[in-house]
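The values are calculated or read from the model by the stated rules, or taken from the named source; none is laboratory data. In this text, all values refer to a predicted model and were calculated from it rather than measured experimentally. So basically every Cβ, Gly included, is an ideal-geometry build from the backbone, and we count neighbours across all protein chains shown.
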Amino acid sequence: MDNSTDYNMLNNPQQTQSGGEYLIDPHQWVDKYADYLYTYAFTRTNNEDKARDLVQETFLAALEKVDGFESRSSEKTWLTAILKNKVIDNYRKASSGLAKKTVSLDAGAGQTDFFVPDYNNWRPEHVPKAFGLEDDCPMLNKELNSILQRCLQKLPSQWLAVFTMKHMDDAKTEEICSELKVTTANFWVIIHRTKLNLRACLQRNWN
């Protein structure tokens, strides 16, 4: 993309053809959407540097595709869709890096970390406890969210990818398995293990 193309894109924002009020104006992207997009990326990668990189890549990709902007969605929705694809690409790269090392997961493997063998009862230190959030307290919720983010950072890349696509993006199981190259059986084992590990991590760190 040459300089003249950049200039034209930045100085000729387009209005939707549907008679609506949607405008596309790259001049405003950073001020209007950078914080939102950063939060979106960070909650799905748990990495500040990676989140910033993904937002920058999103803006660059959007500039290259600005002529293809359609009036059916708002500018914010359009940019978020581009970022979502960037995040999925990041998941895929992280997962592919583990592919050669990944072995078939056994649903029972690692369960002794949480359950007494042969009895399937919780070990005393891992028995689920109430978190004490019966009342809606913003400060407590903020503290719990901070601990959750730290716990998510400890997950293997593939587990984090599966978990966030499932529970943050509401992606279908088939889509997640296809994008991350995992079998359906392994998908459910990863989800199960991730929940157990997050519960244990939260209980260890929540006072």
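Being without any contact (Cβ under 8 Å) to a residue 40 or more places away in the chain and in a helix (DSSP H, G or I) is the filter; apply it to the stretch 193-207 and report the residue that is nearest to Asn46 (Cα to Cα). Across the stretch 193-207, the extreme among qualifying residues is Thr194. Listed here are the helices (runs of 4 or more DSSP H) enclosed by the stretch 103-192 that have at least 2 residues being at pLDDT below 85 and under 25 Å from the mean Cα position of the chain (by Cα): 138-153.
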